[in-house]
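Here is the structure we will look at, set down as structure tokens.
The values are calculated or read from the model by the stated rules, or taken from the named source; none is laboratory data. Note that the structure is predicted; figures quoted are calculated from it, not measured. As a convention, Cβ positions derive from the backbone with ideal geometry for all residues, glycine included, and neighbour counts pool all protein chains shown. When the accessible area is computed, the model is the full protein with side chains, heavy atoms only, and any ligands, DNA or RNA have been set aside. Shrake-Rupley method; radii C 1.70, N 1.55, O 1.52, S 1.80 Å.
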Amino acid sequence: MESSEIIKQARARFDHEAAKKLLNEKYEAKMLFAHGGGMWRAGPDLLNLLHSCDDLDLAVILDLYGVPVEIEVSTLYALARERWQEQMNAWLLEYQTLAQQR
Amino acid sequence: MNRGVLIFAFNNETTDYVSMAAWSAARIQRHLDVPVCLVTDSWINHDVFHTVITADSAHNGQRWMPDQDTAVSWKNFYRYRAMELSPFDHTLLLDADYVVASDVLSSLWTIQQDIVVMSKAHDVAGIGDFAQHNFFGRFAMPSAWATAICFRNTATARSVFEIMRRVQDNWQHYCYLYGCGRSRFRNDFALAIALHITYGNACKWPQVPWSMATVLPEYHMEQLGPDQFEVRYSMPNNMVKRLTINGVDFHAMNKRELEKIVAGAE
């Protein structure tokens, strides 16, 4: 390898922009979970939908694949919220570590 | 219902896909805790595989490999035999160069669909434009990636693989029909066409709900830890940048670099 190439490689800057996008993709995938025969993505959309049904014990909503699934509102809400916060916490920790990279 | 991962690996004159598959199988067992079945054309003795199935590799000319700067024998036919050869009721078909670095694929077992495929991919560095790969043909039909397919032993899934065989056997016809120009046959095209036909030509089929991270052939890569890889690439302005992939599954198109990592691990 040429010296100039060695120097170029040694000076390689950490790509923060790409790293953030990769982290985004990583944790969006981790938001997925299965329950009651349906596939769900924990996050504001699902949580808000379930919150709008909080006066119901049971509700029929569409899962990620457009399949209608009857769910216990409170159970799915608890699961979704737990998953969401768990992954958001992990995301924050990894994001903070990433921010320190040079 | 038993479940497991199926990997096709046929060595050619430049790449030891079988060793790659063995390295991958160990990672799959660590992260997904399922058996791995290998389909290859020569008998091997490797403890990491639950089952080894020997099948003839069909050789269809040569393909240019940009990371190797040479044309190599292409032995990637017979992917349509995945259902026929799989010893599992619920199978996850993975390419040998798909690096499993997390347990996220485990969520595919819980999806109540006959077949679920990877339909979008992106460059980890955000430089490569994947629009040309996420769509194909003159009519920009949504494409599919045969890199990762999760299927159950059902009539619908069987239909997909049967149509893949027909597309392969009649590639000239389908190439013309979908306006693929002079494209050579690819399993990705066959899979996409098969899914279009099976699911009513509505451009919709069960998809893996995330995009596949991809390391392009020209990128350099090294392993820093069990599930940590550093990727280096040149930007359009010639500056070199680096990125750490930590606990994220990805498709390593830079087979030379992956081979070095696999060789280093042995």
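Just name one of B:Pro35, B:Met253, B:Ala144: the one whose Cα is farthest towards the positive end of the charge dipole of chain B (beta-carbon charges, Lys/Arg +1, Asp/Glu -1).
Looking along the dipole axis, the top candidate is B:Ala144.
Under 5 Å between amide H atoms, partner at least 5 residues away or on a different chain: which partners does B:Gln207 have, H built in plane at 1.01 Å?
Those lying under 5 Å, H to H, from B:Gln207 are B:Val117.
With runs of 4+ DSSP H residues as the only contributors, calculate the mean residue ellipticity of chain A at 222 nm using -39,500 (n - 2.57) per run, divided by the residue total and rounded to the nearest 500.
Rounded to the nearest 500, the figure is -19000 deg cm²/dmol.
What translational diffusion coefficient, in µm²/s and rounded to a whole number, does the Stokes-Einstein relation yield for the stretch B:166-266 at 20 °C and a viscosity of 1.002 mPa s, taking the hydrodynamic radius as the Kirkwood radius over Cα pairs?
129 µm²/s
Compute the signed sum of charges (Lys and Arg +1, Asp and Glu -1) over the other residues within less than 10 Å, Cβ to Cβ, of B:Ile245.
On the way: positive: A:Lys26; negative: B:Asp227, B:Glu230, B:Asp249.
Here the count lands on -2.
Which ³J(HN,Hα) values in Hz, rounded to whole numbers, follow from the phi angles of the stretch B:238-248 under the Karplus curve 6.51 cos²θ - 1.76 cosθ + 1.60, where θ = phi - 60° and Gly and Pro get x?
Values per residue, Gly and Pro as x: 6, 6, 9, 10, 10, 8, 9, 9, 10, x, 10 Hz.
If the label point is 7 Å along Cα→Cβ of B:Val48, which residues in the stretch B:217-258 have backbone nitrogen under 19 Å from it?
Residues passing the 19 Å test: B:221-230, B:247-258.
Using a 7 Å offset from Cα along Cα-Cβ at A:Glu28, what residues in the stretch A:45-71 end up with backbone N under 18 Å from the label point?
Counting only backbone N, you get A:45-47, A:64-66.
Please name which of B:Val160, B:Leu177, B:Ile193 has its Cα lying farthest along the dipole of the stretch B:140-264 towards the positive end, using unit charges on Cβ (Lys, Arg +1; Asp, Glu -1) and the Cα centre as origin.
B:Leu177
With +1 on each Lys and Arg Cβ and -1 on each Asp and Glu Cβ, how big is the dipole of chain A about its Cα centre, in debye rounded to the nearest 20?
Details: 11 positive and 16 negative charges, 152 e Å.
Dipole size: approximately 720 debye.
Under the rule of at least 5 residues apart or a separate chain, name every residue whose amide H is placed under 5 Å from the amide H of A:Phe14.
Sorted by chain and number, the residues that satisfy this are B:Arg242.
For a distance above 33 Å, tell me the whole-number percent of Cα pairs in the protein assembly as shown that qualify.
32 percent
Going by a ≥ b ≥ c, the root eigenvalues of the Cα gyration tensor, does the stretch B:68-209 fall in the rounded group (a/c under 1.5), the prolate group (a/b larger than b/c) or the oblate group?
It comes out rounded by the Cα gyration axes.
Using unit Cβ charges (K, R positive; D, E negative) and no other charged atoms, how large, in debye to the nearest 20, is the dipole of chain B about its Cα centre?
800 debye
How much accessible area per residue does the protein assembly as shown have, in Å², with a 1.4 Å probe? It would help to have the intermediate numbers written out before the result.
Working: 17310 Å² over 368 residues.
Heavy-atom accessible area per residue stands at 47 Å².
Ranking request for peptides B:163-175, B:245-257, B:105-117: highest mean number of other beta-carbon atoms within 10 Å first, then the rest in descending order.
Most protected by this proxy first, the peptides run B:245-257, B:105-117, B:163-175.
Please enumerate, by chain and number, the aspartates and glutamates with C-alpha under 16 Å from the C-alpha of B:Lys120, excluding those fewer than 8 residues away in the same chain.
B:Lys120 reaches A:Glu25, A:Glu28, B:Asp95, B:Asp129, B:Asp188, B:Asp249.
How many percent of all Cα-Cα pairs in chain A sit more than 20 Å apart?
The proportion of pairs with Cα distances above 20 Å equals 52 percent.
What is the projected area of the convex hull of the Cα atoms of chain B, averaged over all directions, in nm²? Write down the numbers at each step before the final one.
Working: hull surface 54.6 nm².
Its Cα hull, projected and averaged over all orientations, spans 13.7 nm².
Which whole-Hz couplings ³J(HN,Hα) result when phi for each residue of the stretch B:212-218 is put into the Karplus expression 6.51 cos²θ - 1.76 cosθ + 1.60, θ = phi - 60°, listed in order with x for Gly and Pro?
7, 5, 10, 9, 5, x, 7
Would you mind checking the tilt of helix A:16-30 against the longest principal axis of the Cα atoms of chain A, expressed as 0 to 90 degrees and rounded to 10?
The angle comes out near 30 degrees.
Students often forget the sequence filter, so: which lysines lie under 30 Å Cα-Cα from A:Lys8 once same-chain residues fewer than 8 apart are removed?
Straight-line reach from A:Lys8, under 30 Å: A:Lys20, A:Lys21, A:Lys26, B:Lys241, B:Lys255, B:Lys260.
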